[in-house]
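Structure record follows, encoded as structure tokens.
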Amino acid sequence: ALTTIGAASRGKKNFERQFEDCVKKLSVRAKIAEVTVALDRALAAGDAEEESRLRRELFRLRGLQR
């Protein structure tokens, strides 16, 4: 009985961790999409400073995907 309870507890913790990981990944993807749109706008406007800042942010976010 104790091994069953322990296995169920580990399963729940594993599920919770996987769920949290999925939420984080989706959040990062959404932020990447948002930054990509802003980068396109900065490019169209010729705003080199904003473009540079957004490229750094995009690079950082893509690193979080791994």
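The values are calculated or read from the model by the stated rules, or taken from the named source; none is laboratory data. All of these numbers come straight from a predicted model, not from anything done at the bench. As a convention, Cβ positions derive from the backbone with ideal geometry for all residues, glycine included, and neighbour counts pool all protein chains shown. Ligands, DNA and RNA are excluded from the accessible area calculation, which covers all protein heavy atoms including side chains. Shrake-Rupley method; radii C 1.70, N 1.55, O 1.52, S 1.80 Å.
Before moving on, here are some points about what is shown:
- Whichever residue in region 17-40 is of a type in the set (D, E, K, R) and closer than 11 Å to Leu54 by Cβ and, among such residues, is most open to solvent (accessible area, probe 1.4 Å): Glu34
- Qualifying residue in region 1-16 (condition: open to solvent by 80 Å² or more (accessible area, probe 1.4 Å), modelled with pLDDT under 95 and not in a helix (DSSP H, G or I)): yes
- Test result for Leu43, hydrophobic (A, V, I, L, M, F, W, C) and either loosely packed, with under 12 Cβ neighbours inside 10 Å or in contact with a Ser or Thr (Cβ under 9 Å, 6 or more places away or on another chain) (or both): no
Conditions (1) in contact (Cβ under 8 Å) with a residue 12 or more places away in the chain; (2) in a helix (DSSP H, G or I); (3) within 16 Å of the chain's Cα centre (by Cα), marked per residue:
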| position | (1), (2), (3) |
| --- | --- |
| Phe19 | no, yes, yes |
| Ser27 | no, yes, yes |
| Arg41 | no, yes, no |
| Ala44 | no, yes, no |
| Glu51 | yes, yes, no |
| Glu57 | yes, yes, yes |
| Arg66 | no, no, yes |
